[in-house]
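Here the structure is laid out as structure tokens; the discussion comes afterwards.
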Amino acid sequence: MSRTAGYALAFVVHLLAPAFLVTGIYLIAGLTIGGILFGLVALDLAWLLRPRPAPFPASAVPLTRSDAPHLYALIDGIGVALAAPRTDLVAISGEVNASFRAYGPRRRRLVEIGYPLWLILTPEERVALLAHEMAHSRNGDARHGLVVGSALRSLHELRVVTRFGWRPGDGGSVLVTRCLLALLGVPVRALIFLLELLLNHSSQQAEYRADEMQAQVAGSAATASLLDVLSTRAPSVSDFLGSSAVAVGTWNLWTALRSHVDAIPQAELDQRREAARVERTRVDTTHPPTHLRMRRVLALPYPTPRISAAAMEQIEEELEQAAGRVARSLRENAQSARYR
């Protein structure tokens, strides 16, 4: 019911663009000063709320099939095992995450691999990671879909425009304009909150389904091990990339990152596991608690993987050049933030 309600609300959001368009044309046609001004505002809102496809992820490095034949062979094999649609493109990014999405007007299917996360995983955990994202490509994620995903993108775009950005020295007229925009932003933020709240329950159920499909391909042990990494070692990766060392260090970024993660004391890892065990289910998140996911996965009858990680060494060689480009991008972004 929540998923259906989410689609219904997204459909209402899509109706706002043509409504503002018609209103703007009607007001401008009256040829009055007030009508023209408010009509232009309505047309601007119609433009901001227009349906738009998901873009290619910023700063990600695309890899074609000729660039990484072994990686694509692994992904294709996982896709066949899951009866998932064929992947069109793979991208390597600096995210501590991985994702599946359809992007662009042609809705090309993209698997994005965050290299910082990929780097700290074992070969079996990497297969599990890819299997999880391929499972989402079969499940269908409403947040990345054409109807709901484009509605959320339009609302987020409007939220940025309507934020209160006045600073001392901008003047009284700017203050009035920003106040009016901030008032307009209140229902926008309410719509975003309500839409995301409606989708969270279905998103959590989708995670459970993806975990089970992932375990069928990669095995229960590798799936549970990946979930453990996400709650114990992955936070340290994010901390390292967010530190000033990324901006000022002269060493190899990936070697430094691996050394940083390997140096985490066992006591700290155990403390993070214990903290994850007491996490409770929340209605305002897209993922269920990790310990509940691990408990379900370990109870599944999939002790052995169906897909081998034997080609991981060749895959590492294929990713080396893209990983270097991602490292340079992370350093440049960190340096820009440092001196901004």
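The values are calculated or read from the model by the stated rules, or taken from the named source; none is laboratory data. Predicted model, so just to flag it, every value in this text is computed and none were measured. Counting neighbours? That spans all protein chains shown, and the Cβs are built from the backbone with ideal geometry, glycine included. Ligands, DNA and RNA are stripped out before the accessible areas are found, and what is left, the full protein with its side chains, is counted by its heavy atoms. Shrake-Rupley method; radii C 1.70, N 1.55, O 1.52, S 1.80 Å.
Dipole magnitude for the chain: computed about the Cα centre from +1 point charges on Lys and Arg Cβ and -1 point charges on Asp and Glu Cβ, it is near 1000 debye. Modelled spin-label separation between residue 325 and residue 278, with each label point placed 7 Å from Cα along the Cα-to-Cβ direction: 4.6 nm.
Evaluating 6.51 cos²θ - 1.76 cosθ + 1.60 at θ = phi - 60° for every residue in the range 263-272, the Karplus couplings come out as 8, 5, x, 4, 4, 5, 4, 5, 5, 5 Hz, glycine and proline recorded as x. Each part gets one Cα centre, and for the range 251-267 versus the range 81-128 those centres are 23 Å apart. DSSP assigns beta bridges within the range 56-127; of those with both partners inside it, close to 65 percent run antiparallel. In order along the range 218-228, the Karplus-derived 3J(HN,Hα) couplings, from 6.51 cos²θ - 1.76 cosθ + 1.60 at θ = phi - 60°, round to 9, x, 5, 5, 5, 5, 5, 5, 4, 4, 5 Hz, and Gly and Pro are given as x.
Full extension of the chain between residue 88 and residue 179 yields a length gain of 28.3 nm, computed as 0.36 nm times the residue separation minus the alpha carbon distance.
Taking the 1.4 Å solvent-accessible surface of the range 280-319 as the whole, the part contributed by carbon and sulfur is 54%. Where Rh is the Kirkwood radius over the Cα pairs of the chain, the temperature 4 °C and the viscosity 1.567 mPa s, what D in µm²/s does Stokes-Einstein return? In µm²/s, the coefficient is 58.
Take the Cβ-Cβ distance between residue 310 and residue 29 as r, set R0 to 51 Å, and report the resulting FRET efficiency rounded to the nearest 0.05.
0.15
First check a/c for the range 279-326, with a ≥ b ≥ c the square roots of the eigenvalues of its C-alpha gyration tensor; if it is under 1.5, answer rounded, and if not, answer prolate when a/b is larger than b/c or oblate otherwise.
oblate
Relative to the longest principal axis of the Cα atoms of the chain, the long axis of helix 312-338 makes an angle of roughly 40 degrees. Model label points for residue 287 and residue 19, set 7 angstrom from Cα along the Cα-to-Cβ axis, are 3.6 nm apart. Computed with a 1.4 Å probe over protein heavy atoms only, the accessible surface of the chain comes to 52 Å² per residue.
Close amide H contacts of residue 114 (hydrogens built in the peptide plane, cut-off under 5 Å, sequence separation of 5 or more or a different chain): 93, 97, 98, 99.
Look at the dipole of the chain built from charges on Cβ: of 148, 200, 229, the Cα furthest out on the positive end belongs to 148. Remark: the range 219-331 carries a charge dipole of roughly 460 debye about the Cα centre, counting +1 on each Lys and Arg Cβ and -1 on each Asp and Glu Cβ. Taking every protein chain into account, the 1.4 Å probe leaves residue 178 with about 70 Å² of accessible area, to the nearest ten. The H on the amide N of residue 108, modeled in the peptide plane, is under 5 Å from the matching H of 103, each at least 5 residues off or on a different chain. Would you calculate the separation in nanometres between label points at residue 40 and residue 163, each defined as 7 Å from the Cα along the Cα-to-beta-carbon direction? Calculated label separation equals 2.5 nm.
Computed over protein heavy atoms with a 1.4 Å probe, the carbon and sulfur contribution to the accessible area of the range 1-149 reaches 68%.
Put simply, the convex hull of the Cα atoms in the range 204-332 casts, on average, a shadow of 9.8 nm². Rounded if a/c is under 1.5, else prolate if a/b is larger than b/c, else oblate: which is the range 42-97, with a ≥ b ≥ c the root eigenvalues of its Cα gyration tensor? Prolate shape, in that a/c is at least 1.5 and a/b is the bigger ratio. Relative protection proxy for 307-314, 322-329, from highest mean packing down: 322-329, 307-314 (other beta-carbon atoms within 10 angstrom).
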